[in-house]
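Working notes, beginning with the structure itself.
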Amino acid sequence: MKLPPFDYASPTSITDAVALLAAGKGEARLLAGGQSLLPVMAFRLANPALLIDMRKIPDLQTIAVDDRGVRLGALVRWCDIANSPALKKALPLLPNAIEHVAHYAIQTRGTVGGSLGHADPAAEFPGLAVTCDAMIEIEGSAGRREMPANTLFTGPLQTSLGHDDIIVAIRFPPWPADRKWAFEEFSRRHGDFALAAIAVFYDLDDSGRIANAHVGVIAATDKPTRLPTAEAALNGQMPNSECFIAASEAAAQACNPSADIHASADYRRSLVRTLLTRALRKTLN
Amino acid sequence: MRTTFHVNQRAVSVDVSPRMTLGDCLRHELKLTGTHIACEHGVCGACTVIVDGEAVRSCLTLAVQADGTYITTIEGLSDGEALSPLQLAFRKHHALQCGFCTPGILTTLHAFLTHNPDADENAIRNVLSGNLCRCTGYVSIIAAAMEARSAYRAGAIAR
Ligand SMILES: Cc1cc2nc3c(=O)[nH]c(=O)nc-3n(C[C@H](O)[C@H](O)[C@H](O)COP(=O)(O)OP(=O)(O)OC[C@H]3O[C@@H](n4cnc5c(N)ncnc54)[C@H](O)[C@@H]3O)c2cc1C
Ligand code: FES
Ligand code: FES
């Protein structure tokens, strides 16, 4: 469908954008890549009076890698992540998982900030943010603040952001070079939203046992979440089939997926089990 | 609102309402009807055009967002009557039937092969996952894209 009518602004600073959002009193929306918001508007699921295009705001496209970790500006696009040699070394899980996001001509426009703001439970990036304990930098009328990614998402397509809040950047903690990790996803076609996906990483302690296990699930819960029972089944164990299967079973039990036209709840739960086993086996390569 | 950009190396300036997509602007205001619009929500790929060297959905880009950009549509791929190497490969391999999806597939592949002239078949298949074709079954499209790679290695420039 054609888009409903709206006004358009393209401010050149974050401060101006926040002011426009505040003045819009909930009727104004940020426009980043537009790859989720414009379809939502075409379906008449949103009908904002004003779109605030972020494309002229400087400094939001930066990928910064240093000893404090990785910081991505809100307007970093999927194709920027895929084309960054620095990220392949500093946070290899990220480019690997982002290969699954959407199609070629959408990757040139979709942004990390937009993906966080849209909060689709089947989207890869919010799941990675939660799994990796990322911090979200936000600017609103009251100034700048930070919040952990897992407090940003409150439900399907819902966040804890206020109507005048802008995600400015996301920070991922440092990633040890010898960390074990894997990402596994199932979708019917390359680039489609996941029916289920798993992000996993862990470190090995001096005795070769699993420590610091992080298991995140995407698309099988109403918001991206870590699975503490699966992580507990891994921590302190030698990395082998036995604990991998126990963790996968715990993960399937912990998920309470909803059924929709794409997949039944049982099917999604079964995918979680299979994908986590596959991912954990992959960490051994 | 006024939006001013280059399309197929021609400077244009149009007065549009913010809700007008780039796709509708190209078709209705600029009469460049080679760009096809179908799903209007990013799924089918028929509307893909090249903006500043990158393939984008013209149904998910506002005409006002195109301000200041350089755009290539399907009309800009060939030079007058002479088909581009990619178009010649499509003809040779019968890579189209009804032709509805074809402008979007050609623009997508043109941008992709310009940046990745050494892409393997798997990468080409992945890119084509974003373009729906109801007729061909894709086999001939992939064959054409594989053959056209040599022209891109030799430097078929995205405009
Ligand atoms: C056919 C198709 C397939 C897709 N497949 C996938 C997929 O497999 N996986 C996946 O993850 N995504 C997929 N997407 C979505 C795509 O990745 C989007 O680009 C992304 O979810 C949103 O990014 P955007 O920059 O386009 O945001 P927009 O559409 O511009 O914005 C999305 C929402 O976030 C808000 N917002 C934007 N920026 C900010 C900010 N900085 N601070 C606060 N709020 C903000 C907006 O107001 C809006 O509500 C697909 C999209 C399409 C059309
Ligand atoms: S019309 Fe744009 S993707 Fe279908
Ligand atoms: S040739 Fe008919 S849809 Fe592709």
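The values are calculated or read from the model by the stated rules, or taken from the named source; none is laboratory data. Worth saying up front: this structure is predicted, and the values here are computed from it rather than measured. Cβ placement follows ideal geometry from the backbone for every residue including glycine, while neighbour counts extend to all protein chains displayed. Protein only, heavy atoms only, side chains kept; ligands, DNA and RNA dropped before computing areas. Shrake-Rupley method; radii C 1.70, N 1.55, O 1.52, S 1.80 Å.
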Quick check: the angle from helix A:14-24's long axis to the longest principal axis of chain A, C-alpha only, nearest 10 degrees? 70
Within 10 Å of each Cβ in B:122-130, the average number of Cβ atoms from other chains: 4
Past the 25 angstrom mark, what percentage of all C-alpha to C-alpha distances in the range A:1-157 do you count? 30
Among B:53-65, A:36-48, B:78-90, how do they line up by average Cβ neighbours within 10 Å per residue, starting with the highest? B:53-65, A:36-48, B:78-90
Reported to the nearest 10 Å², B:Thr33 has, with a 1.4 Å probe, an accessible area equal to 80
Residue-averaged beta-carbon neighbours from other chains (10 angstrom radius) around B:53-65: 6
Against the longest principal axis of chain B, how steep is helix B:139-153, in degrees 0 to 90 to the nearest 10, with axes from Cα atoms? 80
Those trypsin sites (Lys or Arg not before Pro) from the range B:60-138 that are DSSP loop and have at most 15 other Cβ neighbours within 10 Å turn out to be B:Arg134
Please give me the summed charge of the neighbours of A:Ile170: other residues whose Cβ is under 12 Å from its Cβ, Lys and Arg +1, Asp and Glu -1. -1
Using only helices, what value at 222 nm comes out for chain A when you add -39,500 (n - 2.57) per DSSP H run of length 4 or more and divide by the total residues, to the nearest 500 deg cm²/dmol? -9000 deg cm²/dmol
For chain A, take the longest principal axis of its alpha carbons; what is the angle in degrees between that and the long axis of helix A:241-254, to the nearest 10 within 0 to 90? 40
Please list, in chain and number order, the residues 5+ apart from A:Gly33 or on another chain whose amide H is under 5 Å from its amide H, with Hs placed from the backbone. A:Thr111, A:Gly114
Whole-Hz ³J(HN,Hα) from phi, Karplus 6.51 cos²θ - 1.76 cosθ + 1.60, for the range B:84-91, glycine and proline x: 6, x, 5, 5, 4, 5, 4, 5
Placed amide H near A:Val168: partners under 5 Å, 5+ positions off or other chain: A:Glu137, A:Ile138, A:Glu139
From the gyration tensor of the Cα coordinates in the range A:157-279, what semi-axes in whole Å does the equivalent ellipsoid have, largest first, with each one equal to sqrt(5λ)? 26, 21, 13
Report the equivalent ellipsoid semi-axes for chain B in whole Å, largest first, defined as the square roots of five times the eigenvalues of the gyration tensor built from alpha carbon atoms. 26, 17, 13
At the level of C-alpha centres, the distance separating the range B:118-159 and the range A:104-126, in angstrom, is 25
How large is ³J(HN,Hα) for each residue in the range A:103-118, as worked out from phi by the Karplus curve 6.51 cos²θ - 1.76 cosθ + 1.60 (θ = phi - 60°), to whole Hz, x for Gly and Pro? 10, 3, 7, 9, 5, 7, 10, x, 10, 5, x, x, 5, 5, x, 6
So for chain A, what are the equivalent ellipsoid semi-axes in whole Å, largest first, each being the square root of 5 times an eigenvalue of the Cα gyration tensor? 33, 21, 16
Going residue by residue through the range A:32-39, the Karplus relation 6.51 cos²θ - 1.76 cosθ + 1.60 with θ = phi - 60° gives ³J(HN,Hα) values, rounded to whole Hz and with x marking Gly or Pro, of 9, x, x, 7, 10, 5, 5, x
Check A:Tyr8: other-chain or 5+ apart residues with amide H under 5 Å from its amide H, H built from backbone geometry? A:Leu51
Peptide B:20-29 - average C-beta neighbours from other chains (10 Å radius): 1
List, in the order given, every pair from A:Lys88/A:Lys180; A:Lys2/A:Lys25; A:Lys56/B:Lys31; A:Lys2/B:Lys31; A:Lys88/A:Lys223 whose Cα-Cα distance in the structure shown is over 20 Å. A:Lys2/A:Lys25; A:Lys56/B:Lys31; A:Lys88/A:Lys223
